[in-house]
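Everything on this sheet refers to the single structure shown next.
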Amino acid sequence: MKNSAWLLIVFLLTMVSSPYLFAQSKTGLQVIESVYNRPNGSDMSADLTMTLINARGDQRVRKIKQFSKEFGKDEKKIMFFISPADVKNTSFMNWSYGDAGKDDDQWIYLPALKKTKRISSDSKSDYFMGSDFTYDDLGDRLPSEDNHKILKEEKVQDELCYVIESKSKNSGYMYSKTITWVVKDKWVAVKKEFYDEEGKLLKILTVEEYKTINNFLIVTKTLIKNIQTNHATEMKLENIIIDGGISNDKFTERTMTKGL
C-alpha cells in the first residue's frame, strides 16, 4: 500500500561515509518514488482520531473508522465518522489510480441530505470537514506529476533526511511547491511544507510518531498547521490491523450510505 513511511534500504558503507557520494546515489524523483512505493500490506483498518485546533487553542475531536485496500496498481480508501453527533454517519471514499494522468475519484456522503456527492476536480482545493487537509491532500499524488529536486541534507528529529523540492508540472495546481524531508534509511517523510500559489508558506505537516507494525513502518500520528490562519489538525491512528482481509464490497457508494 502507498504511504508516506518507507522501509530500510541498505547502502554500501563507502557511500554512507561520503555525504557527497550518498547524495548522488538517488535523484529527487527516485527519493519520492521510494516514499510512494513503500509496501505496507495489502489492506489496513484503523481507528482515527481527528482533532481540530483553532487559533485560540480550542479543540474539536472527531472519531473515525477507516479502511484501505490495494487493487493491483490502484488503492481504495473509505472512512466513516462515528462521533460527534453533528458529523456521525458522514462517510468519505477515495479511489487512487496507478496510471499517470488519471485523477483520483472521490465521494462524500452527507446523512442530513441523504445524498452521496462526487467531489469535482474544481473542489479538490476545498478543505475536508473543517480540517487543514484539502480533498487533494487526501488522495495519492503520483511522483511523475511533479518535478523533484534534492535541495540539501539535514537532520529532523535526529534523523538524517533528504530535503526534496517538488513543483507541479501542471501550472494550475493549488500549491506552487512543496518541500519534503525524507529519512534516508527508512523512506519516511517526516515533514512537509506546502506553499500557496503566490509562493508563500501555507501549511507545515509534521510526522510526530511512526512505528513498525507487521514489519511495516506506519505513520501513526501527524500534525498539520496552517501558518496563515494558525489553525491545526492532529491525526492519530490506533488499533491498526494490517492484512486483516477486507472485503472488496467495503469500497462502494452503497456502503457509504449504509455505514459500518
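Observations, loosely collected:
- Pairs are defined by a Cβ separation below 6 Å, a sequence spacing of at least 6 or placement on different chains, a first member in the range 238-260 that is under 19 Å from F81 (Cβ atoms), and a second member that is assigned to a loop (DSSP other than H, G, I, E, B) and among the polar types (S, T, N, Q); the pairs so defined are G259/N89.
- Screening the candidates I82, I78 for the property of being touching a Lys or Arg at 6+ places or on another chain (Cβ under 7 Å), over 19 Å from F194 (Cβ atoms), surrounded by 19 or more Cβ atoms within 10 Å (Cβ to Cβ) and of a type in the set (V, I, T) yields one hit, I78.
- Only residues that are at positive phi, in contact with a strand residue (DSSP E or B) (Cβ under 6 Å, 6 or more places away or on another chain) and either modelled with pLDDT of 95 or more or among the aromatic types (F, W, Y) (or both) were counted in the range 178-221, giving 0.
- Unmet criterion (only one of (1) at pLDDT below 95; (2) out of contact with any strand residue (DSSP E or B) (no Cβ under 7 Å at 6 or more places or on another chain); (3) of a type outside the set (A, V, I, L, M, F, W, C)) for N3: (2)
- Scan of the range 124-136 for residues that are part of a loop (DSSP other than H, G, I, E, B), closer than 18 Å to T90 by Cβ and without any contact (Cβ under 8 Å) to a residue 60 or more places away in the chain, ordered by number: D126, F128, Y135
- Between K236, K258, K225, K192, the distinction of being of a type in the set (K, R), over 16 Å from N40 (Cα atoms) and either surrounded by fewer than 13 Cβ atoms within 10 Å (Cβ to Cβ) or in contact with a Gly (Cβ under 8 Å, 6 or more places away or on another chain) (or both) belongs to K258 only.
- Single residue of the range 29-75 satisfying the filter (of a type in the set (D, E) and surrounded by fewer than 19 Cβ atoms within 10 Å (Cβ to Cβ)) that is nearest to L237 (Cα to Cα): D47
The values are calculated or read from the model by the stated rules, or taken from the named source; none is laboratory data. Keep in mind that this is a model prediction, so the values were computed, not measured. Reconstructed Cβ throughout: ideal geometry from the backbone, glycine too, with neighbour counts over all protein chains shown.
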